[in-house]
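Written below as structure tokens is the structure these notes are about.
The values are calculated or read from the model by the stated rules, or taken from the named source; none is laboratory data. From a predicted model like this one, the values you see are computed outputs, not experimental measurements. Backbone-built Cβ (ideal geometry, glycine too); neighbour counts: all protein chains shown.
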Amino acid sequence: MTTETITAEASGTWRLGDLTVRRIGFGAMRLTHLADGSPSDRERVISVLRRAVELGVNHIDTASFYFSPTRSANELINRALAPYADDLVITTKVGPARDCAGEWWWATPEQLRGQVEENLRQLGRDHLDVVNLRIPRRESTGSIAEHFGALAELRTAGLIRHLGISNARPDHLAEARSIAPVVCVQNPYGIGSPAEDHAFLDACGEQGIAFVPFFAIAGAGKEAGVIGEDGEQVQAVAKAHGMSAAQLRLAFTLNRGPHVLAIPGTGNPGHLVENIATGAVRLSLEEIALLKAA
């Protein structure tokens, strides 16, 4: 697959409320450090961010807790892209946080305003385009009404433009929608996901809500990257389209519906071009069914 001339426009668009984004975006989690934990090259990742925008990306996913001892994703975005283009949509998430030592903690509803304000400060903005409430444990978390209600109040106050939820179940979505409009669900999803995750993706589309997969390429590897070998079905379909298995995993998510938005992250300029090129890949219904069952 020739990738050099393909831009994010090939992926099509979707609306997050009143904001139009191209369906292939960029995730900032991998900007701060390499896979082995060593610091990223500051100038290199700044150039990757600028190149992403040059290639038509106008949806960037980040969080204030994406930081290493020497790097902050939000501040790298600020350094690379401010003053921001009018059509650039920056999505962030709140709920989890890390202290200066890197230790994790979870915000109470009353602490969410502080997290929103920290994202505003780091990004150098007076409002946040989209804020996702990250839910701690998808399987066991109960009501999210207090937390989501606190974000809804910040939306009314003008600090947030649109709201979403992350790591959520269908009942979380229903509860959130009873409080305020929800423009996106950001969940782990990809080839190998269980049937209920496929069904939730489809249900979001039926409700006009964007579904934004994370760990689409890494799969079970999550933050550590891809783990294990890809199965024969994945390798065969990837070969048929002249691309890598990682590219196919990304293309699969985009081919699951027009409401699916991809946010692959990388600090590698070559991988950036490959990721964006997947927006032009069209899989057949047979191939999609095969990969869903893989």
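Scanning the range 248-271 for residues that are farther than 13 Å from R282 by Cβ and either of a type in the set (D, E) or not in a loop (DSSP other than H, G, I, E, B) (or both) yields R249, L250, T253, V260, A262, P269, G270, H271. Of everything in the range 1-12 that is among the β-branched types (V, I, T) and loosely packed, with under 15 Cβ neighbours inside 10 Å, the residue that is modelled with the lowest pLDDT is T2.
Can you confirm whether the range 27-39 contains a residue that is within 28 Å of H241 (Cβ to Cβ), among the charged types (D, E, K, R) and in contact (Cβ under 8 Å) with a residue 60 or more places away in the chain? Yes - at least one qualifying residue is present in the range 27-39. Here the condition is being in contact (Cβ under 8 Å) with a residue 12 or more places away in the chain, touching a Ser or Thr at 6+ places or on another chain (Cβ under 9 Å) and surrounded by 15 or more Cβ atoms within 10 Å (Cβ to Cβ); of V21, V53, it holds for V21 alone.
Would you check which residues across the range 115-172 are in a helix (DSSP H, G or I), over 25 Å from D99 (Cβ atoms) and either in contact with a Cys (Cβ under 8 Å, 6 or more places away or on another chain) or polar (S, T, N, Q) (or both) and list them?
Correct list: T156 only.
Can V116 be described as of a type in the set (A, V, I, L, M, F, W, C), in contact (Cβ under 8 Å) with a residue 60 or more places away in the chain and surrounded by 15 or more Cβ atoms within 10 Å (Cβ to Cβ)? Against the criterion (of a type in the set (A, V, I, L, M, F, W, C), in contact (Cβ under 8 Å) with a residue 60 or more places away in the chain and surrounded by 15 or more Cβ atoms within 10 Å (Cβ to Cβ)), V116 does not qualify. Residues in the range 126-137 that are touching a helix residue (DSSP H, G or I) at 6+ places or on another chain (Cβ under 8 Å), of a type outside the set (V, I, T) and touching a residue at least 24 places away in the same chain (Cβ under 8 Å): H127, L128, L133.
Just so you know, in the range 13-46 the residues that are hydroxyl-bearing (S, T, Y) and more than 20 Å from N255 (Cβ to Cβ) include one that is modelled with the highest pLDDT, and it is T20.
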